[in-house]
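Structure first, commentary second.
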Amino acid sequence: MGNQMLVIKNLKRIGLALLACSLSNLPEYAFANYSDRPEVQAYIEELIAEHGFSRAALTEVFSQTQRQQKIIDLMKRPAEKRLQWHEYRKILIDDARVRQGAVFWANHESTLQRAYSEYGVPPEIIVAIIGVETRYGRITGSHAVMDALSTLAFDYPPRAVFFRKELTQFLLLAREEAKNPLSLNGSYAGAMGFGQFMPSSYRNYAVDFDGDGSRDIWLNEKDAIGSVANYFKQHGWQGTGLIAKQVQLSSDATVAMEMANDSLKPTHSVAQFASMGVATEDLAKGDTAALFEMKQANGSDYWLGFNDFYVITRYNHSRLYAMAVLQLSEAIAEAYAKRD
């Protein structure tokens, strides 16, 4: 019995030693809340000096803000980078989303028409954006925005600078709109509301489209519709020509194939693409476009994207995203036209 007790005591000592060693090697975030971390304290001082925030209020907010490893994991695996076009399309363009889009359009027809009149963005594009982002407000995100932005600002070095700016924008936004920053939810990247606006986009482009004195894209469909339309208008939406067109490449269009997906922004004229072996017979030769390869299960499709296609990518910097919005908008417009 004595030997057994000695063994147990030794095991306990070894276990405690290992535990102490493990704790000493843990990063600071593992055992301290955000308000205790030196870099967050320095950030709080910046906010006080530059924007007149209360130290006590910020300390209270950050003491209740938690690091979320799941958010970092999601940031490392965005769908736009890990999926091919045919896989990505299946996720965002389905019968239910098309039907729901037609219903959303019918329910908000007058607001969508007014947005079209004021900003020049057609209803189907606005509806498709809201459909892709949140299924028309059904899925707006379950992550606490403070958790998401703080995690990415202080524990995700690849994009820490960007997300620290967005965190500042969020705190300013919460103050301006009289919102408790701890009460607001959004995506794992901190995007919010029907249209999933990042805080800086909210402050710069959200509009009070129903005139009630508040820019509410969390719960107010009218404000959300106007805000999406304004975002597109401010980013150069023209609405006067083709958005994108599928094209055929000749067998010797090697240069064109090699430059596909090089840029989201239109950088070459249609005439230049024609000289590279891209079929452009029915297109205005002076228009500028970018060439995209969209991979299918067997082979690839090629598309020319024009100015307004590029504008869609300002919402999400991905050709896959822009193409999904475009094709969903076309399906919604067809369904809306056929409604009873």
Qualifying residue in the stretch 302-320 (condition: modelled with pLDDT of 95 or more and on the phi > 0 side of the Ramachandran plot): no
Conditions (1) over 23 Å from S117 (Cα atoms); (2) touching a strand residue (DSSP E or B) at 6+ places or on another chain (Cβ under 6 Å): number failed by E281: (2)
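Assigned by TED's automatic domain parsing to the domain that holds S150, assigned to a helix (DSSP H, G or I) and not hydrophobic (A, V, I, L, M, F, W, C): does that describe S227?
Numbers: assigned by TED's automatic domain parsing to the domain that holds S150: yes; assigned to a helix (DSSP H, G or I): yes; not hydrophobic (A, V, I, L, M, F, W, C): yes.
The answer is yes for S227.
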Members of the stretch 266-299 found to be without any contact (Cβ under 8 Å) to a residue 24 or more places away in the chain, crowded, with 16+ Cβ neighbours inside 10 Å and part of a loop (DSSP other than H, G, I, E, B), listed by number: M276
Meets criteria (of a type in the set (A, V, I, L, M), surrounded by 14 or more Cβ atoms within 10 Å (Cβ to Cβ), assigned to a helix (DSSP H, G or I) and at pLDDT below 95) for L74: yes
Contacts under 7 angstrom Cβ, first residue in the stretch 322-340 being at pLDDT below 95, partner surrounded by 19 or more Cβ atoms within 10 Å (Cβ to Cβ) and of a type in the set (A, V, I, L, M), 6 or more apart: R339/A102
Residue in the stretch 151-161 that is of a type outside the set (S, T, N, Q), under 26 Å from H108 (Cα atoms) and under 15 Å from the mean Cα position of the chain (by Cα) present: no
One residue from A128, A148, A106 being at pLDDT 95 or above, among the aliphatic types (A, V, I, L, M) and either assigned to a loop (DSSP other than H, G, I, E, B) or within 27 Å of S35 (Cα to Cα) (or both): A148
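Only one of these is over 22 Å from P181 (Cα atoms) and without any contact (Cβ under 8 Å) to a residue 12 or more places away in the chain: E50, E87, E46. Name it.
Numbers: E50 fails: over 22 Å from P181 (Cα atoms); E46 fails: over 22 Å from P181 (Cα atoms).
Answer to the check: E87.
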Every residue from the stretch 231-265 that is more than 20 Å from K295 (Cα to Cα) and touching a residue at least 24 places away in the same chain (Cβ under 8 Å): Y231, F232, K233, Q234, H235, G236, W237, Q238, G239, G241, L242
Every residue from the stretch 126-185 that is under 24 Å from A229 (Cβ atoms), surrounded by fewer than 21 Cβ atoms within 10 Å (Cβ to Cβ) and touching a Pro at 6+ places or on another chain (Cβ under 9 Å): Q169, L172
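Quick one: which residue in D208, D223, D212, D252 is farther than 22 Å from A324 by Cβ and crowded, with 18+ Cβ neighbours inside 10 Å?
Numbers: D208 fails: crowded, with 18+ Cβ neighbours inside 10 Å; D212 fails: crowded, with 18+ Cβ neighbours inside 10 Å; D252 fails: crowded, with 18+ Cβ neighbours inside 10 Å.
Being farther than 22 Å from A324 by Cβ and crowded, with 18+ Cβ neighbours inside 10 Å holds for just one of D208, D223, D212, D252, which is D223.
The values are calculated or read from the model by the stated rules, or taken from the named source; none is laboratory data. Keep in mind the model is a prediction, meaning the values are calculated, not measured. Reconstructed Cβ throughout: ideal geometry from the backbone, glycine too, with neighbour counts over all protein chains shown.
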